[in-house]
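The values are calculated or read from the model by the stated rules, or taken from the named source; none is laboratory data. The shown structure was predicted, so the numbers you read here are calculated from the model rather than taken from an experiment. FYI the Cβ positions are ideal-geometry reconstructions off the backbone, even for glycines, and counts take in every protein chain you see. Note: accessible area is taken over every heavy atom of the protein model, side chains too, but ligands, DNA and RNA are not part of it. Shrake-Rupley method; radii C 1.70, N 1.55, O 1.52, S 1.80 Å.
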Amino acid sequence: MNITAKISQGIKPLSRILSGKKIIDHLKGNLARGASGTFGLRIVSTGLSFAIGLLLARLLGTAGYGTYTYAMTWAALLAVPGALGLDKLLVREVAIYKTKSEWRLMNGLLRWANQMVLIASGGLALLAAFIGYVFGSHHDSLMLVSFWVAMVSLPLITLIRLRQAVLRGFNRVIAGQVPEMLIQPVIFIFFIGGAYVVLGKGLTAPWALGMNLAATGVAFGVGAMVLLKTLPIKVRETSPAYKIREWIRSALPLMLITGMQIINARTDIIMLGSMKGPQEAGVYAVANRGAEFVTFILLAVNTTLGPMVASLHAEGDREKLQRVVTKSTRIILAFSLPIGLALIIFGHWFLLLFGEAFTQGRTTLSILSAAQLVNATMGSVGPLLVMTGHERNVAIGVGISAALNVLLNALLIPQWSIAGAAIATASSMITWNILLAVWVYRTIGIHSTALGAFHLRRKG
């Protein structure tokens, strides 16, 4: 925690330079502290993630890195149904039970959620491994073995999501992220270095996935200890109480929303790997990773904006909510715009860091970076709708976007390969943001973009 505190304090001057001290001052209390700390941690995590991607791309080559990414993408995709939507539910319910001191219900929810997720994710991993064996017999054996290793990590990934959700419910946002965003990548880098010394060119995608699994296991243990220290003693001492029907009824729509979001984010890599092979998927994955730099501040703000939105909406203070949303979106845009423009202009040199073969993804990087700029400009549209009780709109919007993404990828990948996948993903991303920004205004009367305050003053 000392590390993250220093990071958080260190970025405050930069935040003031880019967006003005008054903007930061408007993001009061938990939002300012949480977003600042999460932003600092995300900077370090992004740097570590970039270093891991660079190392693996260099050591494994385009095909090996594509195989690694393809397997990990499947694990991330299957983690959504494996979590049963309970990760999203836990954030809300833990916060409510804590406020009302309903320790028995909290105990029951935690027990039931972990048991259900362990059973669901374990069964899903076994089923996926069997299907991969049946239908993957004609593919590269390294890809099949890599897929199996990724499936072993699936239960861990889903249980980690639950633990992070519980800590968010206790307002321990940074503590919930440190094991996976800081500890896990550092250990993974150490493992990669050691494996390269021992194996040299014998380092393959299955080995890399195995080391990632080991590092994830260590981070899981650390996170479990943090959670045990965070849980009030009363939760562990009281007998559990259950509201299973109510929990299931709330969790299913949240699972649908998250599932559609993951499909939107991962369809391109999965379809590329299936239709064009691991080499194309590897090049695309590097370009996609680069474009994700554009919105890391958006993700940091989204992590902590939700509770404030819910509170202000419940109070009926729409004017204050509009100010908070507008200021946060301007901060997001101030950080995202220079990163996006740099990737579009200097994309060739960025990709060259990973190796000459990856530079063929320059057009892909430009397309995805432009789409991410639109994403950043529209602001926190998803959390605004979810935290004000309009999950149905989000589910519809994500469903439309996911269907469009799958359709366009199927049509464009055969003809234009990675550029086609980028166009498909960019189109669905822009569609999703426009739809949700319109629905945010129609349902709660808030302009989610950086122009929100301008519209508010004109109406006044």
- Identify, by number, the condition in (1) open to solvent by less than 40 Å² (accessible area, probe 1.4 Å); (2) closer than 22 Å to PRO81 by Cα; (3) of a type outside the set (Lys, Arg) that PHE220 doesn't meet. (1)
- Select the helices (runs of 4 or more DSSP H) contained entirely in the stretch 236-325, then report the ones holding at least 1 residues which are without any contact (Cβ under 8 Å) to a residue 24 or more places away in the chain. 244-275, 296-315
- Query: Is it true that LEU365 is without any contact (Cβ under 8 Å) to a residue 24 or more places away in the chain, out of contact with any Pro (no Cβ under 8 Å at 6 or more places or on another chain), part of a helix (DSSP H, G or I) and aliphatic (A, V, I, L, M)?
  - Reply: no
- Task: Look through ILE183, ILE160 and report the one residue that is assigned to a helix (DSSP H, G or I), open to solvent by 20 Å² or more (accessible area, probe 1.4 Å) and touching a residue at least 12 places away in the same chain (Cβ under 8 Å).
- Result: ILE183
- From ALA79, ALA113, ALA71, ALA95, residue being modelled with pLDDT under 85, touching a helix residue (DSSP H, G or I) at 6+ places or on another chain (Cβ under 6 Å), hydrophobic (A, V, I, L, M, F, W, C) and in a helix (DSSP H, G or I): ALA95
- Note on the structure: Restricting the stretch 377-433 to residues that are β-branched (Val, Ile, Thr) and under 24 Å from HIS313 (Cβ atoms), the one surrounded by the most Cβ atoms within 10 Å (Cβ to Cβ) turns out to be VAL381
- Selected residue [buried (at least 17 other Cβ atoms within 10 Å of the Cβ) and more than 25 Å from the chain's Cα centre (by Cα)] from THR204, THR238: THR204
- Query: Only one of (1) touching a helix residue (DSSP H, G or I) at 6+ places or on another chain (Cβ under 7 Å); (2) modelled with pLDDT of 90 or more is not met by GLY221, so which one is it?
  - Reply: (1)
- Note on the structure: Of the listed residues (ALA342, ALA291, ALA287), the one being at pLDDT 85 or above, surrounded by fewer than 18 Cβ atoms within 10 Å (Cβ to Cβ) and closer than 23 Å to THR46 by Cβ is ALA342
